[in-house]
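One structure is given below, encoded as structure tokens.
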Amino acid sequence: MSEGTNLSTLLEAILFGSGRSMSVDELASLLSLRNFQISEGLEELKATMDSRESSALQLTDVSGRWIIEVKPDISPFLPESFKPEIPQRLLPAAALIAYHQPMPQAQLRDMLGPKAYDHVRDLASLGLIDKRRDGLTRRLTTTRRFAEYFGCPEIEYRKVRVWFRDEASKLGLTSAQLAASLAPDEQMTISEFTGEDGEKEIDAQAEE
């Protein structure tokens, strides 16, 4: 870090330029600083951004990862072309998490296979899901950013789950069928959820 450069200013530039969420560990490694220094810099940056009048952006901590994003009261007025896009390959995992949350990561692994771990990492990096340690696995839930992206009128994850299930029900789809339909080009075969819901296991093959 160059002498005379304010750390919070540098962190703002890095987070804004990256366009994704970053952990304290990542930022500390990138800047060759200690974690506590990065944490202090982030808190200073958050206070600075919160104090700015008429600012469109805010600094948010999403499950231990920090991201600069548009404020929620402004997001609905943005043109669709300006809203971030989720890679199609991540949509099935996103839908399954929304439908079954709070969802054990191990269950998502059962449904999607080993690729589930990469998808969880990428969705968390985008600030779309929250992953918290729960015993030997992680508990996955959606975030406010997720609700905004999918146009869900609710934010609290239980209400998002109800909304997602209602939408799937209107289409007559199980969670696996809904997930597979979101990424037809991936030719995914997804095993249906067999946890507490007690739903019958089915294979949902995406149509070509």
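Read-outs: derived from the displayed coordinates by stated rules, not from any lab. Quick caveat: nothing in here was measured; it's all calculated off a predicted structure. Because the Cβ atoms are built from the backbone with ideal geometry, glycine has one as well, and the counts that use them run over all protein chains shown.
Between K71 and L57, the modelled label-to-label distance comes to 1.4 nm, taking each label 7 Å out from Cα in the direction of the beta carbon.
The modelled label-to-label distance for the pair I14/E44, using points 7 Å beyond Cα in the direction of Cβ, is 1.3 nm. Hydrodynamic analysis of region 88-205 uses the Kirkwood radius over alpha carbon pairs. Inserted into Stokes-Einstein at 10 °C and 1.306 mPa s, it gives a translational diffusion coefficient of 114 µm²/s. Sparse packing (at most 15 other Cβ atoms within 10 Å of the Cβ) combined with a DSSP loop state is found for the following GluC sites (Glu not before Pro) in region 22-65: E53.
Sorting S175, S29, S181 by the number of Cβ atoms found within 10 Å of their own Cβ, with the fewest placed first, yields S29, S181, S175. Of the GluC sites (Glu not before Pro) in region 93-166, the ones in a loop by DSSP (not H, G, I, E or B) with at most 12 other beta carbons within 10 Å are E156.
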